[in-house]
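All of the numbers you see were taken from the coordinates with simple rules; none came from a lab. These numbers were taken from a predicted model, which means no experiment stands behind them. Positions of Cβ are generated from backbone atoms using ideal geometry, with glycine treated the same way; all protein chains shown enter the neighbour counts.
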Amino acid sequence: MAESTTLTEIDNKHIFSFSPEELFSRCHQNLDAASMVSVYDLLSPNQEDWIEGNYNFWYFNDEFAVGFRDLKIKQDLTTISPLKKTLSLEYLLIGGSDMQLGQKSINANGMPKIYISSHCNNGQQTRFYKKGEYIKSIGFWITPDYLKQTFDLDMEQLPLNFKSMLNLEQDITAIIPMTSQIKVIVSEMLSPPFTGALLNQYLQAKMTELLCHTILSMFSPELTFQENNQLSRQKSNVMKKLLQILEEQSSSPPCLEQLAKQLAISRSSMTSTFKASYGMTISDYVFQKRMNKAQQLLKTGKYTVLEVALEIGYDDQSSFGRAYKRFFNYPPNEERPK
């Protein structure tokens with residue numbers, strides 16, 4: 001491992017610093033056919049009680065590195081990863097940690113979700129793990145070119161924020177829901193039935209499957225409910241219609257009673273099915289959509305904070321500002337280009 005990879009105690013804080021390039025180097029030194037490295041290989045004996053469980057890294061063809069976390073935090077721990085010209089994707093099943101992505105802070109709320117971030121130059125991903133937390137997630141760093149070329153992406157059809165991400169135009173973080181299909185894939189990757197060379201092939205196949213579903217969500221969230229999922233055909237169609245309504249009317253969505261009436265389904269069945277599929281409530285989903293839309297508008301520099309607030313359905317700038325800071329942990333005026 002390169003000398004800059006450190007796991008030390010500084011001012012009574014446990015710091016773990018590593019980069020994708022250093023992980024690639026460490027994996028190249030690993031004789032295992034699956035190129036899997038355990039974080040325990042990097043710990044000294046007195047540091048092994050910082051975490052409990054599995055924390056492994058895997059890489060493929062120098063194109064991406066994957067971190068598998070199924071662990072309990074036994075000591076407050078900070079991990080720091082310098083990043084440049086890459087994308088980071090985090091699939092969070094359980095728990096989570098507060099993160100600093102560049103200059104932006106993201107607070108974990110424990111809900112299943114997917115974070116997608118672009119890192120242009122001199123970026124950094126910092127995670128703040130707290131003692132007693134239990135975390136189950138997969139995170140990876142991947143080059144935009146790999147995504148664009150491997151999946152032949154139609155960049156003109158992508159929403160503006162994802163297009164900007166893949167072109168590495170600026171550092172952006174987007175949050176999208178985790179569907180039931182993606183949950184299953186992530187769970188399977190965290191508990192693979194193979195080892196050695198078979199594990200390498202298995203993870204590569206699952207990685208491709210996971211990225212296919214993620215790209216589908218990026219292009220059109222309402223299409224992520226397909227007839228081959230775990231829902232009945234009737235409920236699957238209801239969820240598609242529900243997501244279409246929320247997409248079209250995110251600024252002023254109907255109340256739950258009106259939605260249920262439009263969809264000819266009981267409110268309780270509608271809300272429970274949505275949460276079981278997306279891991280969040282309908283109101284949380286709408287809030288997330290509005291905040292992400294607001295972020296896109298602010299980043300263009302064409303609109304004032306008040307204009308954005310009104311556009312996404314808020315009556316005044318102050319209530320919008322409080323909501324925006326609650327979601328992103330910084331005020332909306334910091335989002336506009338300097």
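Please report, largest first and rounded to whole Å, the three semi-axes of the ellipsoid equivalent to the range 282-338, where each semi-axis is the square root of five times an eigenvalue of the C-alpha gyration tensor. Could you put the intermediate results ahead of the total?
Working: eigenvalues 54, 27, 24 Å².
They are 16, 12, 11 Å, listed from largest to smallest.
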> Across all directions of projection, what mean area in square nanometres is found for the Cα convex hull of the range 233-338?
Replying inline: 7.0 nm²
> Peptides 266-272, 94-100, 137-143, 317-323: what's the order by average Cβ count within 10 Å, highest mean first?
Replying inline: 137-143, 94-100, 317-323, 266-272
> If you count, for each residue, the other Cβ atoms within 10 Å and average over each peptide, how do 252-265, 181-194 line up from highest to lowest?
Replying inline: 181-194, 252-265
> In whole angstrom, how far apart do the alpha carbon centroids of the range 139-198 and the range 247-325 sit?
Replying inline: 24 Å
>> Amide H of Ser38 versus every other amide H placed in the peptide plane: which residues, excluding those fewer than 5 positions away on the same chain, fall under 5 Å?
In response: Phe57
>> For q values of 0.24 Å⁻¹, compute log₁₀ I(q)/I(0) with the Debye formula on a Cα-only model of the range 137-222, without solvent.
In response: -1.33
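Go through 296-309, 80-93 and give me the packing order, highest mean Cβ count within 10 Å leading.
On the way: 296-309: 16.8, 80-93: 20.1.
Descending mean neighbour count gives 80-93, 296-309.
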